[in-house]
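Have a look at the structure below before the remarks.
The values are calculated or read from the model by the stated rules, or taken from the named source; none is laboratory data. The structure presented is a predicted model; accordingly, all values stated were derived computationally and were not measured. When we count neighbours, we look across all protein chains shown, and the Cβ atoms used for this are built from the backbone with ideal geometry, even at glycine.
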Amino acid sequence: MTQESAVPATDIDLTRPSAARVYDYYLGGAHNFAVDREMAEQAISLWPELPMIMQANRAFLRRAVRFCIDAGVRQFLDLGSGIPTVGNVHEVARQAASDARVVYVDSDPIAAAYSKNILGSDPQTAVVQADLRRPEQVLGSPDVRSLLNFDEPIAVMMVAVLHFVSESDGPAAIIASYRDAIVPGSFLVLSHASQEGQPDKAESHRDLYRRTPTPMTMRSKSAVADLFTGFELVDPGVVFLPLWRPVSVEDVDEHPERLAGLAAVGRKR
């Protein structure tokens, strides 16, 4: 069965690419459509390092999840999660802590549908179709409230998603709403597209994403650091993706600025 026939077409626009499904394609996943693959290939033709950047982003996610587990966190709220293919939050977390619980949140109806199908009846995970820009909707979801205990530390994951939140949406205020809902000792895990490192390729990349329902806003290192108000940045702070706590020197690209995403983790004070 093709992906196109596997998902009902009603109320879903398959004529426009989806950021979640394009990302799935970059990672080698199968949950994408022709329109997503076409856009991804166009992007790669303009920026050949894109698949490496996406893989570096996924590697950062794995390291950050393990860091949070080592810090005692057993709960994860993954905002803008996309499609939980191999190596996602719950799999990484449970390698170290079998009792880890994860709620995946995405606004894309196809991403949410695939996520529910992939996760099935797993009692330690839940999928919520909601827009992270509406924290009251996310935080008030029965699935979120039944699976996560807000009296204990939670890791809020915003991995490769805030660059789809425009300045007019108020990203700092959105983060503040989630920050205020979690207890001290919780974490914010964040990665973000940036033109730092490869500014000559950034504008053409933004142009492509203007074709999607989620145009891209790239932010500087200082702007990303400002999003951590109320959190204490964990060393090494805001850095290029491969430089956030690499497991070995072999994990660091010779020119990390080529992998032009930024990454950081903050602990709520």
Condition check: basic (Lys, Arg), more than 17 Å from Arg267 (Cβ to Cβ), under 16 Å from the mean Cα position of the chain (by Cα) and outside any strand (DSSP E or B). Does Arg62 satisfy that? yes
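Residue-wise test of (1) of a type in the set (Gly, Ala, Ser); (2) buried (at least 17 other Cβ atoms within 10 Å of the Cβ); (3) under 17 Å from the mean Cα position of the chain (by Cα).
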residue	(1), (2), (3)
Glu136	no, no, no
Gly140	yes, no, no
Leu148	no, yes, no
Pro153	no, yes, no
Val159	no, yes, yes
Leu162	no, yes, yes
Val165	no, yes, yes
Ser168	yes, no, no
Would you check if Asp70 is within 20 Å of Val183 (Cα to Cα), out of contact with any strand residue (DSSP E or B) (no Cβ under 8 Å at 6 or more places or on another chain), touching a residue at least 24 places away in the same chain (Cβ under 8 Å) and not polar (S, T, N, Q)? yes
Could you count how many residues in the stretch 16-26 are buried (at least 16 other Cβ atoms within 10 Å of the Cβ) and either acidic (Asp, Glu) or more than 19 Å from Leu162 (Cα to Cα) (or both)? 2
Find all pairs meeting these conditions: Cβ atoms under 7 angstrom apart; at least six residues apart or on different chains; first residue within the stretch 29-55 and on the phi < 0 side of the Ramachandran plot and in a helix (DSSP H, G or I); second residue surrounded by fewer than 19 Cβ atoms within 10 Å (Cβ to Cβ) and at pLDDT 85 or above. Leu50/Ile44; Pro51/Ile44
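Let's see how each residue does on (1) in contact with a Phe, Trp or Tyr (Cβ under 9 Å, 6 or more places away or on another chain); (2) free of Cβ contacts under 8 Å to residues at least 60 places away in the same chain; (3) assigned to a strand (DSSP E or B); (4) closer than 29 Å to Leu46 by Cβ:
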| residue | (1), (2), (3), (4) |
| --- | --- |
| Asp143 | no, yes, no, no |
| Ser146 | no, yes, no, no |
| Glu152 | no, no, no, no |
| Ile175 | yes, yes, no, no |
| His192 | no, no, yes, yes |
Taking the criterion of being surrounded by 13 or more Cβ atoms within 10 Å (Cβ to Cβ), among the polar types (S, T, N, Q) and either closer than 30 Å to Ala96 by Cα or at pLDDT 80 or above (or both), would at least one residue in the stretch 41-52 satisfy it? yes
Select from the stretch 115-125 the residues that are surrounded by 21 or more Cβ atoms within 10 Å (Cβ to Cβ) and either in a loop (DSSP other than H, G, I, E, B) or under 16 Å from the mean Cα position of the chain (by Cα) (or both) and list them in ascending order. Ser115
Counting only residues that are part of a strand (DSSP E or B) and among the aromatic types (Phe, Trp, Tyr), which one in the stretch 213-251 is modelled with the lowest pLDDT? Phe240
Name the residues in the stretch 65-85 that are part of a loop (DSSP other than H, G, I, E, B) and under 16 Å from the mean Cα position of the chain (by Cα), would you? Gly80, Ser81, Gly82, Ile83, Pro84, Thr85
Are any of the residues in the stretch 96-103 among the aliphatic types (A, V, I, L, M), part of a strand (DSSP E or B) and in contact (Cβ under 8 Å) with a residue 12 or more places away in the chain? yes
For the stretch 5-22, how many residues are part of a helix (DSSP H, G or I) and either out of contact with any helix residue (DSSP H, G or I) (no Cβ under 8 Å at 6 or more places or on another chain) or at pLDDT 80 or above (or both)? 4
